[in-house]
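Inspection log for the structure reproduced underneath, given as structure tokens.
Any read-out appearing in this document is the output of simple, stated calculations on the displayed coordinates, not a laboratory observation. Treat the numbers as computed from the prediction; the structure is a model and nothing was measured. When we count neighbours, we look across all protein chains shown, and the Cβ atoms used for this are built from the backbone with ideal geometry, even at glycine.
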């Protein structure tokens, strides 16, 4: 169940921010790290990606989920808001629509968004949990995605069942393998198909990801050897100390150590390349954010620019100052972390 | 002796350099170079370190290199095998000294 359904105190973003605020009092505040790196105030350099979170509804309830998504969540994007997102793409030059959730495919507007963006010639990314592809209601989903040349970025925290199921639920690994086979069979990651199938690794616990290049090689070797699965690239993503992962950190007594690890591993090169500088995040209700993590902490864009999709003006947003907090250390530790993997060479 | 080792001690390892800064500098530089990727990968070195940590039974090292091995992408299956390697060498080292025992016994026996 989600933290919301459990009526857990950490379902409240103000409680999460309170915990993170205490961290700032005991460690170097993130803003200070930015100042020392000559990156303050952190500014966007453009909008290359419109990342639309269509809602919190999901068929899984992963233990680390920063969205606190699950089958019990009912927040979903309306047609009106989805239409506003397409209007932004139509009127501007943002090249990529990145659709996330929850399980975005379960949102009634998902296919409308995909079709609309593809008709405009935009690159479309589906952030897929894999198991959704096996739901009876989604039997035609793989073909839908393939026909429209949608890039699929799939969550798979490890190439073994124990670790994957520990994070994402019992039986998820086997279903994920089955879903990856369906994607491969539809042409994904096959030479000449143009169909991109990328994977996301994130640590199954309170530690940083390994070197992206090294773990990608492991995944490529092991998924091919054990299951005959191929993919294009693997992205490593650091677990953000918010929502369910924050609850895990506190419950397991790992919070202080994990925050120390993130703060001590602050990398100015990773900070310079954070994804919020080139993306804009849209919530299910049309609210605008600098990233999906800020979205889940109820920290909307706060640069004086419009804060809702209906008032979108690219000129006001493409060089906006970015709202930061202690959670941002999650994107700047080590080689950095983003929806596209590491941010520092 | 309960509470002899503490988690919060390890981050203060550098205090050892307070009264021998040049030795600490040399150690730190060498230590960093040892664990950098070379003919062996960083992951292989972390697994070796994990095994050695168990052989020398250093709680700080076990803590640090369990974390490091996970952060290099190793899994518990691999890490457990590394501990078995260390254990096998420790056990084997004891057992092979049985040859010394036999030599001594042979020498003093009729």
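Only Cα pairs under 8 Å and 6+ residues apart enter the sum, and on that basis the relative contact order of the range A:227-339 stands at 35 percent.
Every pair of different Cα atoms in the range A:225-267 enters the Kirkwood calculation, which places the hydrodynamic radius at 12.8 Å.
The range B:31-74 and the range A:39-108 have Cα centres spaced 40 Å apart.
Pairs of Cα atoms nearer than 8 Å and 6+ residues apart set the relative contact order; for chain B it is 21 percent.
If R₀ is 51 angstrom, what is the calculated FRET efficiency for the pair residue A:111 and residue B:58, using the beta carbon separation as r and rounding to 0.05? Given R0 = 51 Å and the Cβ-Cβ separation, E is 0.35.
Averaged over peptide B:71-78, the number of partner chain Cβ atoms lying within 10 Å of each residue's Cβ comes to 6. The calculated pair-distance distribution of the range A:251-311 uses every alpha carbon pair, bins of 10 angstrom beginning at 0, and gives 20, 35, 30, 15, 1 percent.
Relative protection proxy for A:310-323, A:66-79, from highest mean packing down: A:66-79, A:310-323 (other beta-carbon atoms within 10 angstrom). Ordering of A:177-183, A:19-25, B:88-94 by packing is A:177-183, A:19-25, B:88-94, highest average first (other Cβ atoms within 10 Å, averaged per residue).
Rounded to the nearest 0.05, what FRET efficiency is calculated for residue A:160 and residue A:264 with R0 set to 35 Å and r the Cβ-Cβ distance? Once rounded, the FRET efficiency stands at 0.75.
Computing Rg and the Kirkwood Rh from the Cα coordinates of the range A:160-202 gives a ratio, Rg/Rh, of 1.07. The average projected area of the range A:9-332, computed from the convex hull of its Cα atoms over all directions, is 15.6 nm². The mean sequence separation of alpha-carbon pairs under 8 Å and at least six residues apart, normalised by the residue count of the range A:9-332, gives a relative contact order of 24 percent. The spread of Cα positions in the range A:113-256, taken along each principal axis and listed from longest to shortest, comes to 48, 35, 30 Å.
What's the Kirkwood radius of the range A:1-80 in Å, using all Cα pairs?
Answer for the range A:1-80: a Kirkwood hydrodynamic radius of 15.7 Å.
First obtain the Kirkwood hydrodynamic radius of the range B:22-108 from its Cα pairs, then insert it into the Stokes-Einstein equation at 20 °C and 1.002 mPa s, and state the resulting D in µm² per second as a whole number. Diffusion coefficient, whole number: 145 µm²/s. At q = 0.12, 0.13, 0.14 Å⁻¹, what base-10 log of I(q)/I(0) does the Debye formula yield for the range A:1-149 when every alpha carbon is treated as an equal point scatterer in vacuo? So the normalised log intensities work out to -0.67, -0.77, -0.85. Look at the stretch A:10-23: the mean tally of other chain Cβ atoms within 10 Å of its residues' Cβ atoms is 0.
What is the antiparallel percent of DSSP beta bridges lying wholly in the protein assembly as shown, to the nearest 5? Can you show the working numbers first?
Details: 7 of 32 bridges.
So the antiparallel bridges amount to about 20 percent of the total.
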